[in-house]
């Protein structure tokens with residue numbers, strides 16, 4: 001029964017079209033899953049009643065907030081896309097929040113809970129929660145699933161964690177480069193202001209160091225990358241390991257502009273359209289899969305009310321292309 005007789009609702013549309021409210025919701029949010037004849041009948045009923053057929057919150061859906069430094073790191077957008085694909089077949093609404101990168105902050109812990117009061121759960125990517133935010137999540141009974149946050153004595157977490165094995169990724173790159181005769185690696189990475197948390201880059205450098213000497217060169221801009229490459233070459237590095245594919249693209253740009261540096265091998269991290277276009281040797285992260293797993297964990301906790309912990313660790317994969325060559 002309609003609660004407000006003066007306002008047309010999804011229930012009115014369903015009654016007029018002779019379908020369930022879930023079918024009306026599908027026409028709004030996933031029209032490809034409804035037959036053309038049924039779609040036309042529902043749209044006609046909505047038009048007659050003056051009901052606006054626009055995508056929005058689905059009936060009975062669980063609202064999950066997702067907070068990450070999306071604009072700072074494109075890899076988090078790929079994780080989000082994995083969540084959105086999974087949400088198509090799950091009763092879930094995804095609300096994204098863009099936050100600052102932990103690497104750029106003097107205090108990398110997130111001290112305020114970045115969710116609305118009607119969110120049933122939170123997936124937090126790349127930025128650890130501070131003590132105040134953890135207490136707020138417990139008080140609000142909002143379960144948190146962490147992605148790309150390494151639990152340590154300095155970085156406590158409440159709830160499950162989803163990680164890609166970054167140390168293994170560095171090991172894969174080191175094994176490949178050492179097999180080509182490289183023994184000195186220049187690690188060009190984003191600037192990390194605070195050492196108060198363990199970053200993905202730190203773990204990759206550890207894996208890489210099993211196979212040779214690693215020199216770190218932080219770079220905050222394109223000019224910094226060019227200077228880092230020059231310094232690495234002057235220091236005797238024969239291979240440049242970039243913290244991610246975007247940095248590797250800048251490294252390759254420097255090599256094209258300065259022919260005397262073209263003997264350097266270059267590798268990236270993440271893999272995707274950019275790495276394929278550049279023919280870049282890189283490590284493929286299962287980014288979309290981490291998003292899917294994180295959403296399923298969050299929905300499971302919300303539906304059962306059971307507190308869960310532990311770490312789900314996914315494996316990276318080496319992709320060899322033409323940007324690496326014998327030392």
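We did not get these values from a lab; they are worked out from the coordinates using the rules stated. Just so it is clear, the model here is predicted, and its values are computed rather than measured. All Cβ positions, glycine included, derive from the backbone under ideal geometry; neighbour counts span all protein chains shown.
Tabulated data for the structure shown
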| read-out | value |
| --- | --- |
| Ordering of 90-96, 64-70, 143-149 by burial proxy (mean other Cβ atoms within 10 Å per residue, highest first) | 143-149, 64-70, 90-96 |
| Degrees separating the helix 245-257 axis from the principal Cα axis of the chain, which is the longest one | 40 |
| Selected from 244, 213, 32 as most flexible by GNM, with the chain as the system and alpha-carbon contacts under 10 Å | 32 |
| Choice from 76, 217, 269 showing the highest fluctuation, given a GNM over the chain with Cα pairs closer than 10 Å | 217 |
| Distance between segment 122-143 and segment 287-308 - C-alpha centres, whole angstrom | 15 |
| Candidates 118, 166, 270: whichever shows maximal mean-square fluctuation once the chain is modelled as a Gaussian network with Cα springs under 10 Å | 118 |
| Linear extension gain, residue 77 paired with residue 289, 0.36 nm per residue minus alpha-carbon span | 75.1 nm |
| Nearest 10 degrees, 0 to 90: helix 166-179 Cα axis against the chain principal axis | 40 |
| Estimated distance in nm for a label pair at residue 141 and residue 22, the labels positioned 7 Å out from Cα along Cα-to-Cβ | 2.6 |
| Cα gyration tensor category, rounded, prolate or oblate, for segment 166-285 with a/c compared to 1.5 | rounded |
| Per residue convex hull volume, Cα atoms of segment 171-234, in Å³ | 86 |
| Relative contact order of the chain, defined on C-alpha pairs under 8 angstrom at six or more residues apart (%) | 17 |
| Segment residue 256-residue 303, length gained on full extension (0.36 nm per residue, minus Cα span) | 11.5 nm |
| When the convex hull of its Cα atoms is projected in every direction, mean area for segment 137-196 (nm²) | 6.0 |
| Alpha carbon centroid spacing (whole Å) that separates segment 230-245 from segment 162-184 | 15 |
| Separation of the residue 193 and residue 44 label points, Cα + 7 Å toward Cβ, nm | 6.0 |
| Extension gain (nm, one decimal) between residue 313 and residue 30, 0.36 nm per residue minus Cα-Cα | 98.7 nm |
| Ellipticity estimate at 222 nm from DSSP helix runs (n ≥ 4, -39,500 (n - 2.57)) divided over the chain, nearest 500 | -12000 deg cm²/dmol |
| Protection proxy ranking, peptides 37-49, 278-290, average beta carbon neighbours within 10 Å, highest first | 278-290, 37-49 |
| Cα Rg over Rh - the chain, Kirkwood | 1.09 |
| R0 of 30 Å, Cβ-Cβ distance residue 88-residue 37: FRET efficiency to nearest 0.05 | 0.85 |
